[in-house]
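Chemist: Below: one structure in structure tokens.
What follows is calculated from the coordinates using simple rules that are stated; it is not laboratory data. Treat the numbers as computed from the prediction; the structure is a model and nothing was measured. As a convention, Cβ positions derive from the backbone with ideal geometry for all residues, glycine included, and neighbour counts pool all protein chains shown.
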Amino acid sequence: MAVRRPGCAFCRKEAKELSSIKDQLDKAGVRLLGVVHETKGVNEFKPYLAGDVYYDSEKKFFGPKERWLPLWMGFLRFSTYANLYKTKKAGVEGNMEGEGRLLGGVYLINKNEMVYGHLEKEWGDNVEIEEILEALKKI
């Protein structure tokens, strides 16, 4: 999981959902881990992810072409508020500290092959767990 912002409630919710299938991931031999591009909020993020968290100071894991969403654009989208409602309903809290414009994603990698990739298009555009479970069958 490429974490957009460790303090982000959306990212924490996604980590929690991915952690809910950790048994299936382990059974398939897949390690669940998070990659962050900043250290602010990492300790508060860790309880949501049932895996290790790594710091990528050079942001290489975020792609050869980083994807950024301007703050004003994120706040103007209706989907941001719909996703916020779902996240609050799930009982996940977050904060507004840190850099939130660099978009993240979820990747399922087997050896040197990317089996599945979900690139975040907007804040709270979390991966569908069913898609991950379906992709696990390819391993």
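Chemist: Quick check for me: using +1 on Lys/Arg Cβ and -1 on Asp/Glu Cβ, what's the dipole size of the chain about its Cα centre, in debye to the nearest 20?
Modeler: Numbers: 23 positive and 21 negative charges, 20 e Å.
That gives the chain a dipole magnitude of about 100 debye.
Chemist: Under 10 Å, Cα contacts only: if you run a Gaussian network model on the chain, which one of Leu76, Leu103, Leu25 comes out with the highest mean-square fluctuation?
Modeler: Most flexible of the set in this elastic network: Leu76.
Chemist: With just the Cα atoms defining each centre, how far is region 83-137 from region 1-54? Give it in Å.
Modeler: Going from one Cα centre to the other spans 9 Å.
Chemist: Which one of Lys59, Lys121, Lys89 has the biggest mean-square fluctuation once the chain is modelled by GNM with Cα springs under 10 Å?
Modeler: Per the Cα network of the chain with a 10 Å cutoff, Lys89 tops the list.
Chemist: Just in region 12-58: which trypsin sites (Lys or Arg not before Pro) are loop by DSSP and have at most 12 other Cβ atoms within 10 Å? Intermediate values should be presented prior to the final figure.
Modeler: Values: sites: Arg12, Lys13, Lys16, Lys22, Lys27, Arg31, Lys40; in loops: Arg31, Lys40.
The qualifying sites are Arg31.
Chemist: Scan (1) 40, 34, 27; (2) 58, 37, 35; (3) 59, 32, 27 for the value of Cα extents along the principal axes in Å calculated from this model and give just the label.
Modeler: Correct label is (1).
Chemist: Gain in length, Trp72 to Ile139, computed as 0.36 nm per residue apart minus the alpha-carbon separation, to one decimal in nm? Display every interim value, and only then the final one.
Modeler: On the way: separation 67, 0.36 × 67 = 24.12 nm, distance 4.01 nm.
Fully extending the segment from Trp72 to Ile139 adds 20.1 nm.
Chemist: Specify which residue in the list Thr80, Ala28, Phe62 is farthest towards the positive end of the charge dipole of region 9-136, using unit charges on the beta carbon of Lys, Arg (+1) and Asp, Glu (-1), about the Cα centre.
Modeler: Thr80
Chemist: Straight-line reach from Lys121: which aspartates and glutamates fall under 18 Å, measuring Cα to Cα and dropping same-chain residues less than 8 apart?
Modeler: Glu14, Glu66, Glu99, Glu131
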